[in-house]
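Comments concern the structure below.
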Amino acid sequence: MPEEFDAGCARPTGGPVGEDDAPAEKETEEVFKASAREGTMIKVGQKAPDFTAPAYYKGKFAKVKLSEYLGKWVLLCFYPGDFTFV
Amino acid sequence: MSAVADRYPELQKLGVEVLSMSVDSVFVHKMWNDHELSKMVEGGIPYPMLSDGGGNVGKIYGIYDEEGGVETRGRFIIDPDGVVQGFEVLTPPVGRNVNETLRQVQAFQLVRESKGGKATPSGWKPGKTVLEPGPDLVGKVWEVWKTDMARD
């Protein structure tokens, strides 16, 4: 569940979980796998790729990890940008 | 995203957690919530607004638009096992319909509770006919389900 963090001047980022945990010698293979996945649609009936991301949540900055929501239904909504019109 | 926030109590009642995500920073999320969205939805956005600078998460979900450097309107329904049950992706100018999201969640929940024993036909909504696929139903759907049941 969301865990508060202190925001510095750097823009906090997250990303996919898994690839970074791979041993160094496996790096090329892992990067290849990751890039092969990019741009291709994921499939229904398959696991949602895990990720971490910084979030703004109820007045605080928090770190969110998708896999911490296992056991619950999740609605994940991407959108083009803040202050856009729709 | 305010439309989803508006229906948040209904989503919570169904046990659904909402996460929104765009390439904007958490600082911009705060500004958007505080200065605009909180004027549309009382109390502001009730769920975490995630930041995906660089679109790294959007890329693995297949909804990142490289040319625009933004994420398209991808909406994913993920079940308690972490499995994607459904998604819908729209180009930026057209908004989603939260009614349809709620309908799909209810349908997926019904199927899950029946351990796959039940299926919801086209246009199904709570209260409407549910099908129980099996040898006895083969060739006989026409007897229990009519196309006008798919209409609202």
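The values are calculated or read from the model by the stated rules, or taken from the named source; none is laboratory data. Predicted, not measured: the structure shown is a model, and the values here were computed from it. When we count neighbours, we look across all protein chains shown, and the Cβ atoms used for this are built from the backbone with ideal geometry, even at glycine. Note: areas computed on protein heavy atoms with side chains; ligands, DNA, RNA excluded. Shrake-Rupley method; radii C 1.70, N 1.55, O 1.52, S 1.80 Å.
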Restricting the search to the stretch B:15-28, which residues are open to solvent by 30 Å² or more (accessible area, probe 1.4 Å) and within 12 Å of the chain's Cα centre (by Cα)? B:GLU17
Residue check, B:GLU143 part of a helix (DSSP H, G or I) and either farther than 21 Å from A:LEU66 by Cβ or among the charged types (D, E, K, R) (or both): yes
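Taking into account only those residues within the stretch A:44-73 that are part of a helix (DSSP H, G or I) and more than 7 Å from every other protein chain (Cβ to nearest Cβ), which is farthest from A:MET1 (Cα to Cα)?
A:LEU66
So which residues in the stretch B:85-139 are assigned to a helix (DSSP H, G or I), within 25 Å of A:CYS77 (Cα to Cα) and free of Cβ contacts under 8 Å to residues at least 24 places away in the same chain?
In the first step, residues of the stretch B:85-139 are kept if they are assigned to a helix (DSSP H, G or I); the result is B:98-113, B:135-137.
Still in the running and within 25 Å of A:CYS77 (Cα to Cα): B:98-113.
Hits for the stretch B:85-139 are B:ASN99, B:GLU100, B:ARG103, B:ALA107, B:LEU110, B:VAL111, B:GLU113.
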If I go through the stretch B:37-82 residue by residue, how many of them are closer than 23 Å to B:PRO9 by Cα, touching a helix residue (DSSP H, G or I) at 6+ places or on another chain (Cβ under 6 Å) and aromatic (Phe, Trp, Tyr)? 0
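Looking at the structure I just gave you, is B:GLY58 modelled with pLDDT under 95 and more than 13 Å from A:ALA55 (Cβ to Cβ)?
Details: modelled with pLDDT under 95: no; more than 13 Å from A:ALA55 (Cβ to Cβ): yes.
For B:GLY58, the condition - modelled with pLDDT under 95 and more than 13 Å from A:ALA55 (Cβ to Cβ) - is not met.
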